[in-house]
Amino acid sequence: MGKVIYLDHASTTPADPEVVAAMLPWHSEQFGNPSTVYSLGLTAAQAVNEARESIAGAIGAQPEEIYFTSGGTESDNWSILGTADAQQKKGRHLVTSTIEHHAVLESMDYLEKHGYEVTKVPVDAGGLVDPEDVRRAIRPDTILISIMHANNEVGTLQPIAEIGKITREAGVLFHTDAVQTAGKLPLDVEALGVDMLSMSAHKFYGPKGIGLMYLRKRTRISPLFHGGGQEKGRRAGTHNVPGIVGMAKALELAAARMADDAVREAALRDRLWAGLSAGIEAIYLNGDMTHRLPSNLNVRLDGIEGESMILMLDMEGICVSSGSACTTGSLEPSHVLLGLGIPAEHAHGSLRVTIGRSTTAEDIDLFIKVFPPIVARLREMSPVWCANCVCKQRN
Ligand SMILES: Cc1ncc(COP(=O)(O)O)c(C=O)c1O
């Protein structure tokens with residue numbers, strides 16, 4: 001196989017070689033269980049503590065507010081289901097947005113089936129939540145607001161700090177899914193005003209299967225997992241020591257290069273959009289271009305299916321996505337794009353390109369070269385696009 005041009009960094013990232021090197025000893029010679037009391041275990045416990053301190057420092061939290069989980073899905077589920085269970089005497093109403101990740105939306109759906117009420121605030125055409133809509137949605141029985149920091153499909157950045165002020169005034173717990181921003185943008189739990197925050201290491205060049213939940217001190221939430229009493233009895237299960245060490249290393253590396261990466265990736269993203277919009281007709285941007293992750297470009301094209309574009313780009317060695325990786329394979333149009341008010345037929349013709357550390361200007365230029373002929377071929381075969389052409393010729 002020739003060189004693969006990987007432009008799907010929102011889906012996952014390769015672990016940095018330094019991360020892998022930091023993890024290796026904890027798989028082999030330092031294999032101890034941190035819950036044991038002999039030296040081998042204590043050494044592992046020490047590594048877990050150091051990782052906890054380093055991660056807490058990076059997001060403005062206290063070490064005891066960091067809980068290790070298996071990733072973003074678990075942290076999202078835990079914040080929502082754990083709050084619902086612990087706070088049900090206070091109320092059974094939760095607020096979220098229409099464009100959250102499935103890990104949040106499906107947890108909310110589960111609660112709805114079990115007697116809770118959920119209000120989903122809308123987003124505007126750019127994908128932004130209006131904090132005033134959140135304020136209006138809060139009721140005396142509201143127990144949790146969960147609004148994501150950056151959207152995984154269109155990269156929109158939500159006004160989390162503003163929403164945080166509103167939830168504090170109202171005395172309602174606030175969770176944010178920061179899976180797409182962790183390692184890409186500076187995070188400070190105090191400035192954001194959140195009580196819970198989800199992160200996942202594989203999105204920032206760390207290993208898969210490890211993540212965390214920031215949980216503000218004295219927040220009452222029930223555990224999801226019951227067992228050996230790890231993580232102060234709030235998240236049972238033997239610690240994933242290599243994963244925890246790797247995640248801390250990945251975050252440390254990301255913090256050191258974050259500002260430079262953001263500038264470089266935004267420039268590549270803008271170069272890509274300039275090239276595509278100049279070379280292809282009927283191509284449009286999805287999502288707000290100002291409040292957006294620097295690495296994300298999401299476009300829609302009249303007359304073609306996202307899936308066929310992906311397959312043809314794959315034949316050229318280019319990996320992109322048509323929406324969130326978790327829904328790939330489903331023929332349902334993306335709920336995020338529908339949430340932005342994009343009609344279903346246009347949502348089907350969308351493509352997400354997410355740039356990362358390995359992306360070069362040459363990769364972008366190659367994309368700009370190979371994509372227009374793919375679009376032309378697919379449009380030739382498309383009954384929808386042909387109908388358009390006939391219309392145009394007739395006019
Ligand atoms: C915004 C968001 N939340 C949650 C997740 C789930 O994270 P994980 O893959 O670690 O379970 C993802 C991953 O696609 C995501 O993009």
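Some values worked out for this structure:
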| read-out | value |
| --- | --- |
| Alpha-carbon radius of gyration plus Dmax, which is the widest Cα pair, for the stretch 34-106 in Å | 16.5, 50 |
| Residue with peak Gaussian network fluctuation, the chain [Cα springs, cutoff 10 Å], from Val299, Val245, Val370 | Val370 |
| Label-point separation, Arg168 to Lys90 (7 Å along Cα→Cβ), nm | 1.6 nm |
| Integer Hz, Karplus 6.51/-1.76/1.60 couplings in order for the stretch 174-191, x for Gly and Pro | 10, 10, 10, 8, 9, 4, 8, 9, 4, x, 10, 10, x, 10, 9, 5, 6, 5 |
| Under 5 Å, built H, 5+ apart or other chain: amide partners of Ile5 | Ile318, Cys319 |
| Top of Thr119, Thr181, Thr354 by mean-square fluctuation, Gaussian network on the chain, Cα under 10 Å | Thr119 |
| Rounded Å value of the spacing that divides the Cα centres of the stretch 330-346 and the stretch 13-41 | 43 Å |
| Sites Ser39 and Asp130, calculated FRET efficiency, Cβ-Cβ separation with R0 56 Å, nearest 0.05 | 0.50 |
| The stretch 110-264 shape via C-alpha gyration tensor axes, a/c threshold 1.5 | oblate |
| Over 21 Å (Cα to Cα) - which of Lys89/Lys113; Lys120/Lys208; Lys90/Lys113; Lys3/Lys184 fall in this group | Lys120/Lys208; Lys3/Lys184 |
| Total charge dipole magnitude, the chain, about the Cα centre, Cβ charges on Lys, Arg, Asp, Glu only, Debye to nearest 20 | 520 debye |
| Three-way shape label, the chain, alpha-carbon gyration tensor, a/c 1.5 | oblate |
| P(r) tail fraction, the stretch 1-144 - alpha-carbon pairs more than 20 Å apart, % | 67 percent |
| Share of Cα-Cα pairs in the stretch 248-291 lying beyond 16 Å, as whole percent | 55 percent |
| Computed Rg/Rh of the stretch 236-314, alpha carbon atoms with Kirkwood Rh | 1.15 |
| Percent RCO, i.e. relative contact order, over the chain, from Cα pairs under 8 Å lying at least 6 residues apart | 21 percent |
| Total formal charge among the other residues, if their Cβ is under 13 angstrom from that of Val4, Lys/Arg +1 and Asp/Glu -1 | -3 |
| The chain - percent of accessible surface contributed by carbon and sulfur, probe 1.4 Å | 57 percent |
| Derived scalar couplings ³J(HN,Hα) [the stretch 26-41; Karplus, 6.51 cos²θ - 1.76 cosθ + 1.60; whole Hz; x for Gly, Pro] | 7, 8, 10, 5, 9, 8, x, 8, x, 8, 9, 10, 7, 4, 4, x |
| Kirkwood Rh in Å, taken over the stretch 239-381 so that all alpha-carbon pairs contribute | 16.5 Å |
| Å² per residue, accessible surface of the chain at 1.4 Å | 42 Å² |
| Globularity ratio of the stretch 219-259, using Cα Rg and 2.2 N^0.38 Å | 1.58 |
| Rounded, prolate or oblate (a/c below 1.5 giving rounded, otherwise prolate when a/b exceeds b/c) for the stretch 146-234 by Cα gyration tensor | oblate |
| Helix 383-394 axis, angle to the chain major axis (alpha carbon atoms, nearest 10°) | 40 degrees |
| The stretch 57-66 - phi-based ³J(HN,Hα) in whole Hz, Karplus 6.51/-1.76/1.60, Gly and Pro as x | x, 6, 10, x, 10, 8, x, 6, 9, 9 |
| Charged-residue dipole, Cβ positions (Lys, Arg, Asp, Glu), the stretch 216-342 about Cα centre, Debye nearest 20 | 1280 debye |
| Where Tyr214, Tyr38, Tyr205, Tyr6 fall by accessible area, highest first, once all protein chains stay in place (1.4 Å) | Tyr38, Tyr6, Tyr205, Tyr214 |
| Unit charges at the beta carbon, dipole of the stretch 222-299: most positive-side option, Ala254, Asn240, Ser277 | Asn240 |
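The values are calculated or read from the model by the stated rules, or taken from the named source; none is laboratory data. Keep in mind that this is a model prediction, so the values were computed, not measured. Neighbour counts are summed over all protein chains in view; Cβ atoms, including those assigned to glycine, are modelled from backbone coordinates with ideal geometry. Side chains are part of the model used for accessible areas, which takes the heavy atoms of the whole protein and leaves out ligands, DNA and RNA. Shrake-Rupley method; radii C 1.70, N 1.55, O 1.52, S 1.80 Å.
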